[in-house]
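One structure below.
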Amino acid sequence: MKTNPGNFFEDFKLGQVIRHAVPRTISAGDVALYIGLTGSRFAVPSSDSFAQSIGYAKAPVDDLLVFHIVFGRTVADISLNAIANLGYADCRFGAPVFPGDTLTSTSIVIGLKENSNKETGVVTVRSTGVNQWDETVLDYIRWVMVRKRDKASPAPEAVTPDLPAEVGVENFTVPATLDLGDYDIGLAGSKHLWDDYAVGEQIDHVDGMTLEESDHMTATRLYQNNAKVHFNQHAQAKDRFGRRLIYGGHIISLARAMSFNGLGNALRIAAIHGGRHVNPSFAGDTIYAWSEVTGRAELPGRRDLGALRLRTIATKDHPCADFPKSGADGKYPETVVLDLDYSVLMPRGSRGR
């Protein structure tokens, strides 16, 4: 065979190392298209002059665009035959990425578990993205439900890896050149800095964004994420939902973009501690989001910068003024589509007030 049917569950082996094809050079056009698809308004990745004022050589690529590009390298080998991407853990953002940088990805299989229906299994991988100087720009774990080629194929011994509950502050990457002495809250679009947030505070991001088929399909093509569930309506019409699924990463990007309204000075994502796509999303759904501050941390050696730990919940067709989330039994309302636990870096102090 000269074509690639993708790996099925029984094709994976514990400890298997996969070097993913097709390096990707990120251009200014990619950055502009990402803004066009998400509406993200954070100042640092939007403006060279703003980024230069705090020590970057130019505007870095949005952290989640980096995530999606690295993720996209892995799809043809890991999740081409996936039913759903289930979650993330231990995600660390490394060296900043700039237009012109080239990213490649490698994965190692760290967990395998056949499902009780014997038609699918869960594959857990650790994937790493590096730039052209072999600097790590992203390192993360994800688990994905993958179809079996043959229901009768014997299952491998089940291995479910122990996943860390969080990424420690000592493992956050703060760019060495970052200097917030001239940070301009007026241009950033928010007067609220690290000191203004309290643990337990809940923020309704208010704005909603309706998903279009063209948006999520353009986004997944931008990332070269060719998972079948996003593109092939002819095939998906025969599946349980009868429709193409929205790429879960697109929901993460929309939630992050909407979080600007309330968290406008969250200038960099340092880590994703964990995340779950708890219900599917489809074209026509309107996405809303809210966040809870679950932690505050000082950073070693930095008096101008702190970290906020956030839990951001995204919903479909449900404004978030009532702050919907999982119940005491751990179950979510059908309107909740994303539960993301992550940390952002934010300037400290009361500049300009």
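The values are calculated or read from the model by the stated rules, or taken from the named source; none is laboratory data. Note that the coordinates shown come from a computational prediction; the quantities given were computed from them, not determined experimentally. All Cβ positions, glycine included, derive from the backbone under ideal geometry; neighbour counts span all protein chains shown. Note: accessible area is taken over every heavy atom of the protein model, side chains too, but ligands, DNA and RNA are not part of it. Shrake-Rupley method; radii C 1.70, N 1.55, O 1.52, S 1.80 Å.
Could you pull out every one of the helices (runs of 4 or more DSSP H) wholly within the stretch 1-88 that has 1 or more residues that are within 26 Å of residue 210 (Cβ to Cβ)?
Working: elements: 28-38, 43-46, 48-53, 63-78.
Per the criteria, 28-38, 43-46, 63-78.
Just checking, which of 197, 183 is closer than 26 Å to residue 321 by Cβ, in contact with a strand residue (DSSP E or B) (Cβ under 6 Å, 6 or more places away or on another chain) and of a type in the set (Ser, Thr, Tyr)?
197
Residues that are over 23 Å from residue 43 (Cα atoms) and either in contact with an Asp or Glu (Cβ under 7 Å, 6 or more places away or on another chain) or among the basic types (Lys, Arg) (or both): does the stretch 288-297 have at least one?
Kept after step one, since they are over 23 Å from residue 43 (Cα atoms), are these residues of the stretch 288-297: 294-295.
Then keep just the ones that are either in contact with an Asp or Glu (Cβ under 7 Å, 6 or more places away or on another chain) or among the basic types (Lys, Arg) (or both); that gives none.
No, there is no match, as no residue in the stretch 288-297 is over 23 Å from residue 43 (Cα atoms) and either in contact with an Asp or Glu (Cβ under 7 Å, 6 or more places away or on another chain) or among the basic types (Lys, Arg) (or both).
Which number in (1) over 20 Å from the mean Cα position of the chain (by Cα); (2) more than 26 Å from residue 247 (Cβ to Cβ) marks the one condition that residue 284 misses?
Against the list (1) over 20 Å from the mean Cα position of the chain (by Cα); (2) more than 26 Å from residue 247 (Cβ to Cβ), residue 284 comes up short only on (2).
Mind listing whichever residues of the stretch 93-113 are among the charged types (D, E, K, R) and within 21 Å of residue 225 (Cβ to Cβ)? Even if it seems obvious, please write down each step before you answer.
Applying the first criterion (among the charged types (D, E, K, R)) to the stretch 93-113 yields 101, 113.
If the condition is that a residue be among the charged types (D, E, K, R) and within 21 Å of residue 225 (Cβ to Cβ), then 101 is the only one that fits.
Looking only at residues that are under 28 Å from residue 55 (Cα atoms) and of a type in the set (Val, Ile, Thr) in the stretch 95-116, which one is surrounded by the fewest Cβ atoms within 10 Å (Cβ to Cβ)? Let's see the steps before the verdict.
Going residue by residue through the stretch 95-116, those that are under 28 Å from residue 55 (Cα atoms) are 95-105.
Applying the additional criterion that residues be of a type in the set (Val, Ile, Thr) yields 97, 102, 104.
On the way: 97: 25, 102: 13, 104: 19.
The extreme case among them is 102.
Which residue out of 168, 208 is out of contact with any Leu (no Cβ under 6 Å at 6 or more places or on another chain) and in contact (Cβ under 8 Å) with a residue 12 or more places away in the chain?
Values: 168 fails: in contact (Cβ under 8 Å) with a residue 12 or more places away in the chain.
On inspection, the qualifying residue turns out to be 208.
Just checking, does the stretch 140-153 include any residue being open to solvent by 60 Å² or more (accessible area, probe 1.4 Å), farther than 25 Å from residue 231 by Cβ, in contact with a strand residue (DSSP E or B) (Cβ under 9 Å, 6 or more places away or on another chain) and part of a strand (DSSP E or B)?
For the stretch 140-153, residues open to solvent by 60 Å² or more (accessible area, probe 1.4 Å), farther than 25 Å from residue 231 by Cβ, in contact with a strand residue (DSSP E or B) (Cβ under 9 Å, 6 or more places away or on another chain) and part of a strand (DSSP E or B): absent.
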